[in-house]
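Here the structure comes first, spelled out in C-alpha cells, and everything after it is commentary.
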Amino acid sequence: MTRRAALAGLAVASMAANRAAAHPPSDHFDGKRFFNPGVAEREKSLGDLWRWMRERQPTPWPDWIENQPWPKPGPVAQTALSVTFIGHACFLIGIGGRWFITDPVYADRASPVPFAGPKRVRAPGLSFDDLPVLDGILVSHNHYDHLDRASLRELNRRFQAPVVTSLGNRALIQASGPQQVTELDWWQSHPLAGVSVTYVPAQHFSARGPFDRNETLWGGFVLQAAGRTLYFCGDSGYCPHFKEIGRRFPGIDLSLLPIGAYEPRWFMRTQHVNPAEAVQAHLDLGSRRSIGMHFGTFAGLTDEGIDDPVIALAAARQAKGLGEQDFGVLAVGQTLVL
C-alpha cells in the first residue's frame, strides 16, 4: 500500500466516524460530543500529545517474541465460561455455549497507516483459521488498537457474525464489511445468540483522526448466560463506574481488566488504569476473578517496558492480600475455563 492510499484510507475512516447518527443529549452526551461525567480534569489536548512525543523516554521493547504453543480451545459447555487471550484487548470468549470475540485487531500496527504507529511484537494467540464459528463480535470503542477495519473485514468474510458496539460506530463498521451492527448506549442491553450483552460505562475517549474526537462513545461489555457473568472493560481510567457495574451485576465470575499503557501518568492517568488501580477496580467490581489485558503486544503504544505491567500487578495484588488465582494474566494463546 502506498502512503497516498493509506492516507486516503484514514480520510475515509474519519468521514465514516463523522457520519454517526444524532443521539439525544444525556449525562454523557451534549448533543455533539460524548464526555466523561464527573471528571474535573480537562481532557488532554493535541499540545499534550506533542509534549509526550517530544519528552517521552520509553523503555525499549524486543523487536519480536515467539509465543509459547498452547492447546486450542475446545467446545464450550453451556454452563462453562472460557476465555482465550489472543493479545492486547482481544479475547475469544465462550459463554452459554456461544463464541464471541472482543476488539479484534490482527494488524501489524495499531495505526491508521501501515508504516508508522504502535507495532506488534508477537503474533495473535489464535489465527483466523483457529477461531471457531463466531456468534458475535464486540467492539468497545473506535481506537485503532481496538477497532481494526481489516480484521473486521476478514471476520465478516469468514463468519458474517453480528457486531455489537457503542453509539456512533455503525457507519465505520459497516464500511468495513459487517452489516449486522447494533449500537448501544451505556446500560443498554441486546440479546445475541441467547446471551445478554450489556454495554457499560468507562472513563476514556474516542477518535480515529484529528477532527472526530469524542463523536462516538466508549465503554465495556457485560455478558450473561446460563448463570455466568463476564465483564470486559475495554479501556478506562480509574473511576466510580467500576463500583456501579459491580452493584448492578453482583457476583461477576470473571473480569477482563486493562493493566498496560499507563505511562507516563501525567498523560495516561484519566484514560488508562495502572496495575494498582486495576486491582482496586477488581475489588470495586466484586469480581470473583480477574485477568489482565491491554499489555505486551504493541510497542510504542506506551512508555512502560513490556514486562512492567505484569510485575506491577503482582506487587499490587500482594499489597491487597490477593493471589494470582484472584487476579492474574494469561499467556498469549492460553485458555482459562471456569
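Since every read-out is calculated from the coordinates, none of them should be taken as a lab result. All values reported here derive from a predicted model rather than from experimental measurement. Every residue, glycine among them, receives a Cβ derived from its backbone with ideal geometry; neighbour counts consider all protein chains shown.
For segment 65-206, a crude dipole built from +1 on the beta carbon of Lys and Arg and -1 on the beta carbon of Asp and Glu, taken about the Cα centre, is about 180 debye to the nearest 20. Take every Cα pair under 8 Å whose residues are at least 6 apart in sequence, average their separation, divide by the length of the chain, and the relative contact order is 20 percent.
Here the simple spin-label model places points 7 Å from the Cα toward Cβ, and for Leu49 and Ala331 these points are separated by 3.7 nm. The listed peptides 246-259, 284-297, 321-334, ordered by packing as a protection proxy, come out as 284-297, 246-259, 321-334 (highest mean of other Cβ atoms within 10 Å first).
Only one residue of Gly323, Gly74, Pro264 has its Cα farthest out toward the positive end of the dipole of segment 69-337, where Lys and Arg carry +1 and Asp and Glu -1 on Cβ, and that residue is Gly74. Looking at the chain, the DSSP beta bridges with both ends there are about 65 percent antiparallel. Converting phi to 3J(HN,Hα) with the Karplus coefficients 6.51, -1.76 and 1.60 and the offset θ = phi - 60°, segment 93-106 yields 10, x, 8, x, x, 10, 10, 10, 10, 9, 5, x, 10, 9 Hz in sequence order, with x at every glycine or proline.
For segment 71-180, the square roots of the Cα gyration tensor eigenvalues, ordered a ≥ b ≥ c, give a/c of at least 1.5 with a/b no greater than b/c, which places it in the oblate category. Spin-label model, Ala150/Leu283: points 7 Å from Cα along the beta carbon direction are separated by 4.3 nm. Based on alpha-carbon atoms, the Kirkwood radius and the radius of gyration of segment 243-338 give Rg/Rh equal to 0.96.
Each peptide in 128-134, 56-62 gets a packing score, the mean of other Cβ atoms within 10 Å over its residues, and the list from highest to lowest is 128-134, 56-62. The stretch between Asp253 and Ala226 holds 8.5 nm of extra length on full extension. This uses 0.36 nm per residue minus the Cα-Cα distance.
Whole-Hz Karplus values for segment 265-274 come out as 5, 4, 9, 9, 4, 6, 10, 9, 5, 8 Hz, taken residue by residue from phi with 6.51 cos²θ - 1.76 cosθ + 1.60 and θ = phi - 60°; glycine and proline positions read x. Each label point was placed 7 Å from the Cα along the Cα-to-Cβ direction; for Arg42 and Glu324 their separation is 4.5 nm.
Listed values for segment 131-146 are Karplus-derived 3J(HN,Hα) couplings in whole Hz (6.51 cos²θ - 1.76 cosθ + 1.60, θ = phi - 60°), namely 6, x, 5, 7, 9, x, 10, 10, 10, 6, 6, 9, 5, 5, 8, 10, and x replaces Gly and Pro.
Report note on the peptides 157-167, 183-193: ranked by the mean count of other C-beta atoms within 10 Å, highest first, their order is 157-167, 183-193.
Relative to a virtual label point 7 Å from the Cα of Thr79 in the Cα→beta-carbon direction, which members of segment 308-338 show backbone nitrogen distances below 18 Å? Only 337-338 fall inside the zone, counting backbone N under 18 Å. Here the dipole of the chain is about 540 debye; that uses its Cα centre as origin and unit charges on the Cβ of Lys and Arg (positive) and Asp and Glu (negative). Here's the picture: a label point sits 7 Å out from the Cα of Lys243 along the beta-carbon direction, and within segment 37-54 the residues with their amide nitrogen under 17 Å of it are 37-40. Amide H contacts of Thr182: Val163, Val164, Thr165, each under 5 Å away and 5 or more positions distant or on a separate chain (H built 1.01 Å from N in the peptide plane; Pro and chain starts excluded).
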